[in-house]
Amino acid sequence: MPDATRGRYKAGMSVGALNEEGPFSARGAQRTAPAAAQSKAVQPVKLGPLTLANRYFLAPLAGVSDWPFRLLCRELGASIAHTEMISSHGLVYGGDQTLSYLERPETERPFAIQVFGHDAEILARGAQVAVEKYGPVDAVDINMGCPVKKVCNHGAGAALLKDPALIEKFVRAVVDAVGPLPVTVKLRSGWDEEHRNAPEAAKACEQGGAVAVGLHPRTRAQLYRGRADWDLITKTKRAVGISVWGSGDLFTAEAARRMLSETGADAARIARGACGYPWIFRELLALERGETPPEVTLTEWRAMILRHCALAVEEKQGKYRIVRPDDAPRPRPRTAADQGHPPFELDALGAELAAVRELRKHLLWYTRGRRGGLGFRKLAPQLHTVADIRAALDRFFPEDGSVPAEVRQEPEPAGPLTADD
Ligand SMILES: Cc1cc2nc3c(=O)[nH]c(=O)nc-3n(C[C@H](O)[C@H](O)[C@H](O)COP(=O)(O)O)c2cc1C
């Protein structure tokens, strides 16, 4: 089968947020990795009492790291994959949408959640509800990095960075509520350029009982703009005795490995680099073993997309729907006659349509930087069912590896990208 990783071309590279043009073209480990005489062992990493198989994690990604995507990344090597940030308020008050973030196959172990909130007591109670009513949960991460206004205006997410005393209090409350489970914290560099206090914030986390911090070294003010400041990962690592997980601009396996070696971070949390390219984990493991990462074949690439579709439909059909135990919080009825939230169930077609709607972003990422992607993406708004997706794949990326006439008109590949472009 022809190599489907060729044909990734430069498409307005910028280190932007997920939906901006950019980092997704920088895919595919260099095929010139030195062929080692002997395969090296992959380094495990501790997460409190847990030993994770390797240092490569899928980062929490709101709207992206649901169980299907976590499953695909884990199958390709991610040793842990956190849920997206879950509202502690929602956990305490039993919202259906909130519970949906806890869905997963029972084989997903360790199962790690991320919670957020603006009130230490609710945050702790929310984490406790998740652990006690919807476990097994193996690890809890607290979000202190979300830059979104709606979250920060309430004093949650990155807003907590402004006050290290508060950080310590929040962490301690969660540790007291869910201990002995390991508690970790996701940080940014600080609130803004004048307040880049990640090392101090990490110390406060350590004081509060966290076993690790994850650092995305951009300030809240930066959002996803500019370059991630890996030096701050180094400084944070030096400031604390607990583990530090680095994140930021890890668009290729080489970049993630470089971040680890330059900063001394204990693990790499892959975020946008895994979107549309879960093979990054396989490449990371191959590079760590000293092997040349295998290429992603067209057959594999198509199969991955179709499998992702199938899992997304299952997700919408409620394959792992959370059952609320009798003693778990449940939403208040909205009126006296109302017995609670409307049922969440979709029929088969409804589930498929909902799944494909949500999958569109993944389809854009899978096809970015790939010859045929321009045509495919133009068609994306018209894709509603899995059969539509399959037909579009057949049209632009035929299984036999041939290049259709309409694809031949797309720009020629301009060479691989790096996050430095
Ligand atoms: C769409 C999107 C959603 C995200 N959601 C979360 C989240 O729920 N929790 C969190 O801690 N970080 C979240 N992040 C931040 C990432 O985990 C990561 O730290 C950040 O993207 C930097 O890594 P990168 O430059 O390699 O993408 C999100 C990032 C993006 C782009």
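The values are calculated or read from the model by the stated rules, or taken from the named source; none is laboratory data. Note that the structure is a prediction, hence the values are computed from the model and not measured. Backbone-built Cβ (ideal geometry, glycine too); neighbour counts: all protein chains shown.
Which one of these is modelled with pLDDT of 95 or more, in contact with a Leu (Cβ under 6 Å, 6 or more places away or on another chain) and within 16 Å of the ligand (Cβ to nearest atom): 117, 90?
117
For segment 79-110, how many residues meet the condition of being over 17 Å from the mean Cα position of the chain (by Cα) and among the hydrophobic types (A, V, I, L, M, F, W, C)?
Qualifying residue count, segment 79-110: 3.
Given the residues 257, 238, which is the only one that is among the charged types (D, E, K, R) and within 23 Å of residue 277 (Cα to Cα)?
Testing whether each residue is among the charged types (D, E, K, R) and within 23 Å of residue 277 (Cα to Cα) leaves just 257.
Quick test of your reading of the structure: residue 322 fulfils all but one of (1) aliphatic (A, V, I, L, M); (2) out of contact with any Phe, Trp or Tyr (no Cβ under 8 Å at 6 or more places or on another chain); (3) modelled with pLDDT under 95. Name the failing condition by number.
(2)
Looking only at segment 189-211, filter to residues that are touching a Ser or Thr at 6+ places or on another chain (Cβ under 8 Å) and over 13 Å from residue 144 (Cβ atoms); which one of those is surrounded by the most Cβ atoms within 10 Å (Cβ to Cβ)?
Of everything passing the filter in segment 189-211, 199 is surrounded by the most Cβ atoms within 10 Å (Cβ to Cβ).
Within segment 208-252, restricting attention to residues that are charged (D, E, K, R) and within 9 Å of the ligand (Cβ to nearest atom), which residue is farthest from the chain's Cα centre (by Cα)?
Top of the filtered list is 218.
Can you tell which of 361, 378 is within 23 Å of residue 272 (Cα to Cα), surrounded by 13 or more Cβ atoms within 10 Å (Cβ to Cβ), out of contact with any helix residue (DSSP H, G or I) (no Cβ under 9 Å at 6 or more places or on another chain) and among the charged types (D, E, K, R)?
Of the residues listed, the single one that is within 23 Å of residue 272 (Cα to Cα), surrounded by 13 or more Cβ atoms within 10 Å (Cβ to Cβ), out of contact with any helix residue (DSSP H, G or I) (no Cβ under 9 Å at 6 or more places or on another chain) and among the charged types (D, E, K, R) is 361.
Considering (1) over 18 Å from residue 222 (Cα atoms); (2) part of a helix (DSSP H, G or I); (3) within 15 Å of the ligand (Cβ to nearest atom); (4) of a type outside the set (Ser, Thr, Tyr), say which one residue 141 fails and leave the rest.
Against the list (1) over 18 Å from residue 222 (Cα atoms); (2) part of a helix (DSSP H, G or I); (3) within 15 Å of the ligand (Cβ to nearest atom); (4) of a type outside the set (Ser, Thr, Tyr), residue 141 comes up short only on (2).
Of all residues in segment 260-274, count the ones that are crowded, with 24+ Cβ neighbours inside 10 Å and under 20 Å from residue 224 (Cα atoms).
Here the count works out to 6.
Does residue 277 count as assigned to a loop (DSSP other than H, G, I, E, B), surrounded by 20 or more Cβ atoms within 10 Å (Cβ to Cβ), at pLDDT 95 or above and not aliphatic (A, V, I, L, M)?
So residue 277 passes the test.
Determine whether segment 92-113 contains at least one residue that is surrounded by fewer than 19 Cβ atoms within 10 Å (Cβ to Cβ), in contact (Cβ under 8 Å) with a residue 24 or more places away in the chain, in contact with a helix residue (DSSP H, G or I) (Cβ under 7 Å, 6 or more places away or on another chain) and part of a loop (DSSP other than H, G, I, E, B).
yes
From the set of residues in segment 286-297 that are within 17 Å of residue 54 (Cα to Cα) and touching a helix residue (DSSP H, G or I) at 6+ places or on another chain (Cβ under 9 Å), which is farthest from the ligand (Cβ to nearest atom)?
Only one residue tops the list, namely 291.
State whether one or more residues within segment 71-83 are within 17 Å of residue 215 (Cα to Cα) and either in contact (Cβ under 8 Å) with a residue 40 or more places away in the chain or in contact with a His (Cβ under 7 Å, 6 or more places away or on another chain) (or both).
Yes, segment 71-83 contains a residue that is within 17 Å of residue 215 (Cα to Cα) and either in contact (Cβ under 8 Å) with a residue 40 or more places away in the chain or in contact with a His (Cβ under 7 Å, 6 or more places away or on another chain) (or both).
Only residues that are out of contact with any Leu (no Cβ under 9 Å at 6 or more places or on another chain) and either more than 20 Å from residue 268 (Cβ to Cβ) or among the acidic types (Asp, Glu) (or both): list them for segment 195-221, please.
Matches in segment 195-221: 200, 203, 206, 207, 208, 209, 221.
Look through segment 54-69, keep the residues that are out of contact with any Lys or Arg (no Cβ under 7 Å at 6 or more places or on another chain) and not in a loop (DSSP other than H, G, I, E, B), and return whichever of them is nearest to residue 326 (Cα to Cα).
So the residue we want is 68.
Checking the condition crowded, with 20+ Cβ neighbours inside 10 Å, basic (Lys, Arg) and either in a helix (DSSP H, G or I) or in contact (Cβ under 8 Å) with a residue 12 or more places away in the chain (or both), which residue from 186, 169, 150 passes?
Unique residue meeting the criteria: 186.
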